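Report on the following structure.
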Amino acid sequence: MIISNENITLRAIEVEDMELLKELINDPNIERMVVGWSFPVSTYQQINWINNLKNDNKNIRYIIDVQETGAVGVASLTSIDFKNGTATVNIKLKKDDSARKKGIGYKAITMLSKYAFNELNLNCLVANILAYNIASQKLFEKCGFSFEGVLRNRVFKNASYQDLHSYSLLRSDFRND
């Protein structure tokens, strides 16, 4: 399903998005700011990953496509649990002027949240953010997510264990405009 507003579209990932995806996962400045562990990814590995997305029923991943500049990032709902109505929200944007400080992250998360609550019938969205990633914390707070607490020493990143800040957004708290 394609999700659109006036200038942003969240659309399915295509093989043509391979270079953007490789850029996002192979850029050390982006990788150090996200939860998870990224290996360098080859063209072959990226194509295989894209082709396997159709077999994934626990995660929904979108390319963030901006009308003026094209594809600038990825937004996703992962670990979707339909029984309990939960999912984790993730976003990753290019580290250049086409994607930063333009409200793209805010709009993409808001669009994804609306889809999760209104179409997937989820009740709670979660975001776990590295404690030192202040920009992402501010972004999710702006999107209406509430700080839940600290998950201490949860992720090994940058040669040491890092805390995660856990945020959530309930359907009942979502501004559905």
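The values are calculated or read from the model by the stated rules, or taken from the named source; none is laboratory data. Fair warning: this is a prediction, and the values are worked out from it, not measured in the lab. Glycine also receives a Cβ, built like all others from the backbone with ideal geometry; neighbour counts cover every protein chain displayed.
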Worksheet, complete the sentence: Residue set 41, 15, 66, 72; condition surrounded by fewer than 11 Cβ atoms within 10 Å (Cβ to Cβ), more than 23 Å from residue 162 (Cα to Cα), aliphatic (A, V, I, L, M) and without any contact (Cβ under 8 Å) to a residue 60 or more places away in the chain; output residue 15
Worksheet item: Filtering the stretch 44-63 down to residues that are of a type in the set (Lys, Arg) and exposed (fewer than 13 other Cβ atoms within 10 Å of the Cβ), which residue is nearest to residue 157 (Cα to Cα)?
Response: 58
Worksheet, complete the sentence: Of the conditions (1) within 20 Å of residue 143 (Cβ to Cβ); (2) in contact with a helix residue (DSSP H, G or I) (Cβ under 6 Å, 6 or more places away or on another chain), the single one that residue 46 does not satisfy is (1)
Practice prompt. Return yes when residue 109 is in contact (Cβ under 8 Å) with a residue 24 or more places away in the chain, assigned to a strand (DSSP E or B) and surrounded by 17 or more Cβ atoms within 10 Å (Cβ to Cβ) and no when it is not.
Written response: no
Fill in: Residue that is within 28 Å of residue 124 (Cβ to Cβ) and of a type outside the set (A, V, I, L, M), where the choices are 48, 7, 52, 26
52
Discussion item. Please list, ordered by residue number, the helices (runs of 4 or more DSSP H) wholly in the stretch 1-101 having 3 or more residues that are touching a strand residue (DSSP E or B) at 6+ places or on another chain (Cβ under 9 Å) and farther than 17 Å from residue 115 by Cα.
Written reply: 18-26
Response to the item:
When restricted to 139, 170, 164, the only residue surrounded by 18 or more Cβ atoms within 10 Å (Cβ to Cβ), of a type outside the set (Gly, Ala, Ser) and out of contact with any Phe, Trp or Tyr (no Cβ under 8 Å at 6 or more places or on another chain) is 164
Fill in: Selected residue (only one of 152, 175 is charged (D, E, K, R), surrounded by fewer than 16 Cβ atoms within 10 Å (Cβ to Cβ) and modelled with pLDDT under 95)
175
Item to complete: Look through 112, 93, 130, 139 and report the one residue that is at pLDDT below 95, of a type in the set (A, V, I, L, M) and closer than 21 Å to residue 24 by Cα.
Response: 93
